[in-house]
Amino acid sequence: MRVDDRIPDELRPLIINRHFTKYAPGSVLIQAGNTKVICTASVEESVPPHIKNTGEGWVTAEYSLLPSSTPVRVPRESVRGKVGGRTHEIQRLIGRSLRSVMDLALLKERTIWIDCDVIQADGGTRTAAITGSYVALMDAIRWLKSKDLIKENPVVNSVAAVSVGVVNGVVLLDLCYAEDAAAQVDMNVVMTGDGKFIELQGTGEEYAFDDEQLAAMLRMAKKGISEIVEIQKKALEIPG
């Protein structure tokens, strides 16, 4: 059995609480086991210089670990004066994942900012952030439509993410921190709601994995994401 008594292909309990804050058009508290992330979607009526006057919009993300989100306090990166490499990587991953399921021309020349603040970290913070950000994004799109700022929904597919890995030679789904720290292989998988891959991030830690293990991890990730997609639909009140 695993440290939290799950079977190998079982997700942690996943809860998506919409409208978590008052002011953002989209806001979500997502809980994946003991990992908790606040994802908000805000609308800005401008775009970055590189797409100005193209008629297209933009979606981008910021990510942070709040100081008390881990057992040892994490200093705020704004105080340190620079954003770390891990944070940059995760921010870019979240932004890429959301843009991959959007027709940005339908958004017009405006930016949706996704802010992901980890308030409690127990593994899988980036995958929870992607999963929750999609729900926050959808609420922001609904807000734009309600204001007649856009006519069509620019989100053409859903997106969700999950971790998989090899721990003590066993393929596991949705790793908590203790499993992630002990993993021989750690992989993050981002997929669309109809089962296509957006991004794979897989690394062996003093360990090399073979085709069979890779195939097993991808199968398990697809199973987990299909379950996550149904939870997203239920949260958004989208018919199955």
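Can you name the residue in segment 23-47 that is assigned to a loop (DSSP other than H, G, I, E, B) and under 21 Å from Ala129 (Cβ atoms) and, of all such residues, is farthest from the chain's Cα centre (by Cα)? Please lay out each step first, then the result.
Filtering segment 23-47 down to residues assigned to a loop (DSSP other than H, G, I, E, B) leaves 23-25, 33-34, 45-47.
Filter once more, so that each one left must be under 21 Å from Ala129 (Cβ atoms): 23-25, 33-34.
Numbers: Tyr23: 21, Ala24: 18, Pro25: 18, Gly33: 15, Asn34: 16 Å.
Selected residue: Tyr23.
Results for (1) surrounded by 14 or more Cβ atoms within 10 Å (Cβ to Cβ); (2) of a type in the set (A, V, I, L, M, F, W, C); (3) on the phi > 0 side of the Ramachandran plot, shown as yes or no for each residue.
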site	(1), (2), (3)
Thr127	yes, no, no
Asp139	yes, no, no
Val162	yes, yes, no
Ala178	yes, yes, no
Asp186	yes, no, no
Ala208	no, yes, no
Ile225	yes, yes, no
Ile231	yes, yes, no
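Name every residue in segment 151-185 that is of a type in the set (Asp, Glu), part of a loop (DSSP other than H, G, I, E, B) and closer than 16 Å to Gly202 by Cβ, in order of residue number.
Filtering segment 151-185 down to residues of a type in the set (Asp, Glu) leaves 152, 174, 179-180.
Filter again for part of a loop (DSSP other than H, G, I, E, B), leaving 152, 174.
The answer is Asp174, and nothing else.
So which of Ser27, Ser46, Ser68, Ser42 is closer than 28 Å to Ala235 by Cα, surrounded by fewer than 14 Cβ atoms within 10 Å (Cβ to Cβ) and among the polar types (S, T, N, Q)? Spell out how you get there, then give the answer.
Working: Ser27 fails: surrounded by fewer than 14 Cβ atoms within 10 Å (Cβ to Cβ); Ser46 fails: closer than 28 Å to Ala235 by Cα; Ser42 fails: surrounded by fewer than 14 Cβ atoms within 10 Å (Cβ to Cβ).
After applying the criteria, what remains is Ser68.
Among residues of segment 78-90 that are within 28 Å of Ser163 (Cα to Cα), those with a Cβ under 7 angstrom from a residue that is among the acidic types (Asp, Glu) and at pLDDT 65 or above, sequence gap 6+ or separate chain, pair up as Val83/Glu77; Gly84/Glu77; Thr87/Glu77.
Looking across segment 68-101, just one residue is modelled with pLDDT under 90, assigned to a helix (DSSP H, G or I) and in contact with a strand residue (DSSP E or B) (Cβ under 7 Å, 6 or more places away or on another chain), and that is Glu77.
Among the conditions (1) in a strand (DSSP E or B); (2) farther than 21 Å from Thr127 by Cα, the only one that His50 does not satisfy is (1).
Tally the residues that are part of a strand (DSSP E or B) and either more than 11 Å from Leu218 (Cα to Cα) or not hydrophobic (A, V, I, L, M, F, W, C) (or both), restricting the search to segment 186-203. Residues in segment 186-203 being part of a strand (DSSP E or B) and either more than 11 Å from Leu218 (Cα to Cα) or not hydrophobic (A, V, I, L, M, F, W, C) (or both): 8 in total.
The values are calculated or read from the model by the stated rules, or taken from the named source; none is laboratory data. The structure displayed is predicted, hence computed values, not measured ones. We place every Cβ from the backbone using ideal geometry, glycine too, and count neighbours over all the protein chains shown.
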